[in-house]
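The structure appears right after this line, and notes come after that.
The values are calculated or read from the model by the stated rules, or taken from the named source; none is laboratory data. Bear in mind that the values here come from a model prediction, so they are computed numbers and not experimental data. Note: ideal-geometry Cβ built from the backbone for every residue, glycine included; neighbour counts use all protein chains shown. The area values use the complete protein model at the heavy-atom level, side chains included, leaving out ligands, DNA and RNA. Shrake-Rupley method; radii C 1.70, N 1.55, O 1.52, S 1.80 Å.
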Amino acid sequence: IEHGLINAVIYKGYALLDLEMYRELIHRYLSSLVRESRQKQDQEQAKPVQISISLPDYYPPCIKAIIQSLASGKETSHFARFALVTFLNKTMSHIGVDMRVKLIAQYFVNADDYDPKTTEYQIRHILGLAGGRKEYSVPTCKTMREEGLCVANCGVKSPYGYYLRQVRLRPQVI
């Protein structure tokens with residue numbers, strides 16, 4: 001067995017093996033397959049994986065403006081904050097609600113009047129998890145215009161419609 005097939009009898013081009021040699025060769029072959037498979041799995045697991053929760057590049061200009069306003073610590077209207085929460089809730093609907101609340105809250109940390117408990121309560125209220133238990137919808141573009149939050153004529157009916165259009169037009173590999 002130590003010498004492999006070197007000492008095997010050859011008959012009509014085939015190596016004749018006894019049962020012990022046959023088992024040993026099969027064992028070596030299967031062991032090498034398992035070893036290669038484990039190495040491949042280890043390499044795949046070592047690669048960093050980036051999963052997008054939402055696609056900020058696809059956000060409409062009005063939502064980007066609200067995010068920029070909050071990030072820079074500028075005073076941002078209650079309605080603008082409401083619109084942002086409803087929009088983010090819709091774009092993140094594929095993840096668990098508790099994680100969604102935490103992720104949305106991160107957009108408010110630089111707000112001029114930031115308070116973590118108040119922010120989380122307000123988000124939970126808008127998502128229908130607190131207060132009146134009513135989940136609110138993303139405002140329409142008409143309402144965004146009336147509130148002075150529309151910054152571009154995007155040709156859609158709501159900020160979420162813009163987002164969906166961008167996702168369809170420019171699919172991103174995640």
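Brief remarks follow.
- For the range 70-100, filtering for residues that are surrounded by 12 or more Cβ atoms within 10 Å (Cβ to Cβ), assigned to a helix (DSSP H, G or I) and over 15 Å from the mean Cα position of the chain (by Cα) leaves 11.
- Hits in the range 124-143 - residues which are part of a helix (DSSP H, G or I), farther than 21 Å from V97 by Cβ and within 27 Å of the chain's Cα centre (by Cα): C141
- Answer from A111, A105 - the residue that is touching a Ser or Thr at 6+ places or on another chain (Cβ under 6 Å) and either open to solvent by 60 Å² or more (accessible area, probe 1.4 Å) or in contact (Cβ under 8 Å) with a residue 12 or more places away in the chain (or both): A105
- Selection count where residues are open to solvent by 70 Å² or more (accessible area, probe 1.4 Å) and under 13 Å from A83 (Cβ atoms), scope the range 123-172: 7
- For the range 6-29, filtering for residues that are open to solvent by 90 Å² or more (accessible area, probe 1.4 Å) and under 52 Å from the mean Cα position of the chain (by Cα) leaves 5.
- Each residue in the range 155-174 was checked for being under 21 Å from V97 (Cα atoms) and without any contact (Cβ under 8 Å) to a residue 60 or more places away in the chain, and 1 of them qualify.
- Selection status of E36, of a type in the set (D, E, K, R), modelled with pLDDT of 75 or more and in a helix (DSSP H, G or I): yes
- Residues located in the range 53-68, provided they are in a helix (DSSP H, G or I) and either of a type in the set (G, A, S) or touching a strand residue (DSSP E or B) at 6+ places or on another chain (Cβ under 6 Å) (or both): A65
- Test result for A152, touching a residue at least 24 places away in the same chain (Cβ under 8 Å), on the phi < 0 side of the Ramachandran plot and over 26 Å from the mean Cα position of the chain (by Cα): yes
- Pairing residues of the range 50-75 that are under 19 Å from M144 (Cβ atoms) with residues that are of a type in the set (V, I, T) and at pLDDT 85 or above, at Cβ distances under 6 Å and at least 6 apart in sequence or on separate chains, gives S54/T91; Y58/V167; P61/V151; C62/V151; A65/V151; S69/T76; L70/T76.
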